[in-house]
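Asks: Pasting in a structure now, in structure tokens, and then I'll have a few things to ask.
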Amino acid sequence: MNHIFDWFFSQYQGIPTHLVVLEFIGVFFGFLSVWYSKQENILVYPTGIISTAIFVYILFVYSLLGDMLINAYYFIMSIYGWYYWTRKDANNHEVPVTVTTKKEQVWSLIIFLLTIMFIVIFYKLNDKFNGWTAYVDTFTTAVFFVGMWLMAKKKLENWVYWIIGDIISVPLYYYKGLMFTSFQYLIFTIIAIYGYKAWKKSLNNSPQML
């Protein structure tokens, strides 16, 4: 067991202590946020805001601009989602889980493509296309942008995007040397699978408001 811990923390040699502590805190609140999302609990947003604010700073320090933009976007969408989830209908019912409409599917594609274009331009201007991780980062950024938008709209399909992005992010962050974050995305993948099942059950038990 000691060998495992030694290997794990050896990845952080030379990294300032405050960054390691902040990453751990950000991961902890990230776990809470995803767990609350699975439960359809409004606390998904305040915990998510704390996590994303921390990671905006960490990723800026690491010069991972695409990932930083993801978290800045999450921060903004968390505020919107917090508002949207607290809305009530005429019968004072909370917004239920629904599936995406054809219009929302079109918007999902538009958001995906616009995000790809924006990140490519952003990376080109900052001369950041200097490795294969930049291309993977561009793709996952677009996937997560759509996932976050659909989650804020309380759409079942948001979990599909999270699962795809999380699976890709596990080896990506491991390669980048962010071990806590890589482990976080591994757990996120598992929670996202259960989240999809939980939301699917909620969808089947609630009226659709398309």
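The values are calculated or read from the model by the stated rules, or taken from the named source; none is laboratory data. Note that the coordinates shown come from a computational prediction; the quantities given were computed from them, not determined experimentally. FYI the Cβ positions are ideal-geometry reconstructions off the backbone, even for glycines, and counts take in every protein chain you see.
Asks: I'd like to verify a number: residues in the stretch 174-202 that are part of a helix (DSSP H, G or I), of a type outside the set (G, A, S), farther than 20 Å from T100 by Cβ and in contact (Cβ under 8 Å) with a residue 12 or more places away in the chain, how many?
Replies: Quick first cut of the stretch 174-202, residues part of a helix (DSSP H, G or I) only: 174-176, 179-202.
Keeping just the survivors that are of a type outside the set (G, A, S) gives 174-176, 179-181, 183-191, 193-194, 196-197, 199-201.
Cutting the leftovers down to farther than 20 Å from T100 by Cβ gives us 174-176, 179-181, 183-191, 194.
Okay, now just the ones that are also in contact (Cβ under 8 Å) with a residue 12 or more places away in the chain, so 175-176, 179-181, 183-189, 191, 194.
The number of residues fulfilling the criteria is 14.
Asks: Conditions: (1) under 21 Å from W107 (Cα atoms); (2) crowded, with 19+ Cβ neighbours inside 10 Å; (3) not acidic (D, E). L178 meets all but one. Number of the miss?
Replies: (1)
Asks: I'd like to know if the stretch 169-179 contains one or more residues that are over 15 Å from the mean Cα position of the chain (by Cα) and closer than 25 Å to I76 by Cβ.
Replies: yes
Asks: Given the conditions (1) surrounded by fewer than 17 Cβ atoms within 10 Å (Cβ to Cβ); (2) among the hydrophobic types (A, V, I, L, M, F, W, C); (3) in a helix (DSSP H, G or I), and given that F129 satisfies all but one, which numbered condition is not satisfied?
Replies: (3)
Asks: Still on this structure: Within the stretch 90-110, restricting attention to residues that are modelled with pLDDT under 90 and of a type outside the set (G, A, S), which residue is surrounded by the most Cβ atoms within 10 Å (Cβ to Cβ)? Before you say what the answer is, go through the steps one by one.
Replies: Keep residues of the stretch 90-110 that are modelled with pLDDT under 90, which gives 90-97.
Cutting the leftovers down to of a type outside the set (G, A, S) gives us 91-97.
Numbers: N91: 5, N92: 6, H93: 12, E94: 13, V95: 16, P96: 15, V97: 20.
The residue in question is V97.
Asks: Among the listed residues Y80, Y45, Y36, Y84, identify the single one that is touching a Leu at 6+ places or on another chain (Cβ under 6 Å), at pLDDT 85 or above, within 21 Å of W199 (Cα to Cα) and not polar (S, T, N, Q).
Replies: Just one listed residue meets the conditions, Y36.
Asks: Then there's this: Any idea which of (1) of a type outside the set (D, E, K, R); (2) surrounded by 15 or more Cβ atoms within 10 Å (Cβ to Cβ); (3) not in a helix (DSSP H, G or I) is the one S63 doesn't satisfy?
Replies: Unmet condition: (2).
Asks: Mind checking which pairs have a first residue in the stretch 144-173 that is under 18 Å from Y194 (Cβ atoms) and a second that is modelled with pLDDT of 95 or more and among the basic types (K, R), Cβ under 9 Å, 6 or more apart or different chains?
Replies: Between residues of the stretch 144-173 that are under 18 Å from Y194 (Cβ atoms) and residues that are modelled with pLDDT of 95 or more and among the basic types (K, R), there is no close pair.
Asks: Go over the candidates I50, I70 one by one and state the one that is modelled with pLDDT of 90 or more, assigned to a helix (DSSP H, G or I), of a type outside the set (F, W, Y) and under 15 Å from the mean Cα position of the chain (by Cα).
Replies: Numbers: I70 fails: modelled with pLDDT of 90 or more.
Sole residue among the options that is modelled with pLDDT of 90 or more, assigned to a helix (DSSP H, G or I), of a type outside the set (F, W, Y) and under 15 Å from the mean Cα position of the chain (by Cα): I50.
Asks: Any residue at all in the stretch 111-125 that is under 20 Å from G26 (Cα atoms), hydroxyl-bearing (S, T, Y) and surrounded by 15 or more Cβ atoms within 10 Å (Cβ to Cβ)? If you could, list the steps in order and put the result at the bottom.
Replies: Going through the stretch 111-125, the residues under 20 Å from G26 (Cα atoms) turn out to be none.
No: zero hits.
Asks: Take T133 and tell me if it is among the hydroxyl-bearing types (S, T, Y) and within 20 Å of the chain's Cα centre (by Cα).
Replies: Judged against the criteria, T133 is a match.
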